[in-house]
1. Based on Cβ point charges of +1 for Lys and Arg and -1 for Asp and Glu, what charge dipole magnitude is obtained for segment 52-131 about its Cα centre, in debye rounded to the nearest 20?
2. If amide H atoms are built 1.01 Å from N in the plane of the peptide, which residues on other chains or at least 5 residues away come under 5 Å of the amide H of ALA78?
3. Once R0 is set to 41 Å, what does the formula 1/(1 + (r/R0)^6) return for the Cβ-Cβ distance between ALA216 and THR176, expressed as a FRET efficiency to the nearest 0.05?
4. Loop only per DSSP, at most 15 neighbouring Cβ atoms within 10 Å: give me the GluC sites (Glu not before Pro) in segment 20-121, ordered by residue number.
5. To test your reading of the geometry: what angle, between 0 and 90 degrees and rounded to tens, separates the Cα axis of helix 178-201 from the longest principal axis of the chain?
6. Can you pull the one-decimal nm distance between simple spin-label points at THR70 and LEU132, each 7 Å off the Cα toward Cβ?
7. Which residue, LEU191, LEU241, LEU139, tops the fluctuation ranking in a GNM of the chain built on C-alpha contacts under 10 Å?
8. Using a/c under 1.5 as the rounded threshold, could you call the chain rounded, prolate or oblate? The axes a ≥ b ≥ c are square roots of the C-alpha gyration tensor eigenvalues, and prolate needs a/b larger than b/c, oblate otherwise.
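The values are calculated or read from the model by the stated rules, or taken from the named source; none is laboratory data. If you're wondering where the values come from, they're calculated on a predicted model, not measured in any experiment. Every residue, glycine among them, receives a Cβ derived from its backbone with ideal geometry; neighbour counts consider all protein chains shown. Accessible surface areas use protein heavy atoms only, side chains included; no ligands, DNA or RNA. Shrake-Rupley method; radii C 1.70, N 1.55, O 1.52, S 1.80 Å.
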Amino acid sequence: VIVAVCALLTYGGVSLFVVVFAVYPFAAELYRQSDIPKRLLPGAIALGAFSFTMDALPGTPQIQNIIPTTFFQTTSWAAPVLGVTGALFIIAVGLSYLEWRRRSALAKGEGYGSNLRNEPERVESGDLPHPLLAILPLLVVGIANFALTRAIPQWYGDSHTVPPEILPGIATPVTTTVKTVTAIWAVEAALLLGILFVVLTAFKRVAQRFAEGSKAAVGGALLAAMNTASEYGFGGVIAALPGFIVVSNALKSIPDPLVNAAVSVSSLAGITGSASGGMSIALAAMSDTFIAGAQAAGIELEVMHRVVAMASGG
């Protein structure tokens, strides 16, 4: 149940970091009622939020699935069969491991635990919206993302030019290659539609906690934006160092382009401690090599996108 709830939220566009705070009270109460050791809770949250819905399932709006689109000119729905296959593998192995740990703890007589820190407050569950209404915003994001990914290229064509008179201070027209931004525009528009749906259907609830909710939302947005931006800049500095050239040359010696990309991205994600950061550094420094290797081997860039995204989960 915890894995499913986390998956629904992250696939519906809620930030990975926010999901942890949102699910924790609910998850802790379920674990307490089922007398499952609380120490096993982080694993369930991580499986639901930080694995298959973060980078494997096609269409996920998480940034780990969006970053490759700007380098490979793909969409968030790249390599759907490969993504679904990888997601099913992760779910099966992850749930099997969590269930094994639960049974091992039960056999030893270990329960939820006592004298625990950060225990959540009990939540009154009498006045709650209908479950279908609660899930609808997540469905709106998923459906809108799918529809807009296909509609935007039809609306704008291969490129879109904004004339100087619309942008004060700009002397020349600004031309955008639509294929490189389709995934970003689709996700942003889908998330805005999801937010608008929540406001329209739950205005009273939103109004009551608007200030508190806005603080969390703005804080989460700044955290994601600044983390990615600073890590991207950090990656540019790292890529210019002599030591990185040695590492890069060693990674380039891996003959298979998919294995090369996977090992490179996962290694840098581990070094930086960030999936999006490691991927940004790897793609900024080596995307041309990845693309050239894929084209030489006859591998579609959609496949490269999915492999790189899933490798960032390392």
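1. With only Lys, Arg, Asp and Glu charged at Cβ, the dipole is about 360 debye.
2. Amide H neighbours of ALA78, under 5 Å, 5+ apart: GLY59.
3. Efficiency, from the Cβ-Cβ distance: 0.80.
4. GLU110, GLU121
5. 30
6. Spacing of the two 7 Å Cα→Cβ label points: 4.0 nm.
7. Ranking LEU191, LEU241, LEU139 by mean-square fluctuation puts LEU241 first.
8. Oblate, since a/c reaches 1.5 and b/c is not below a/b.
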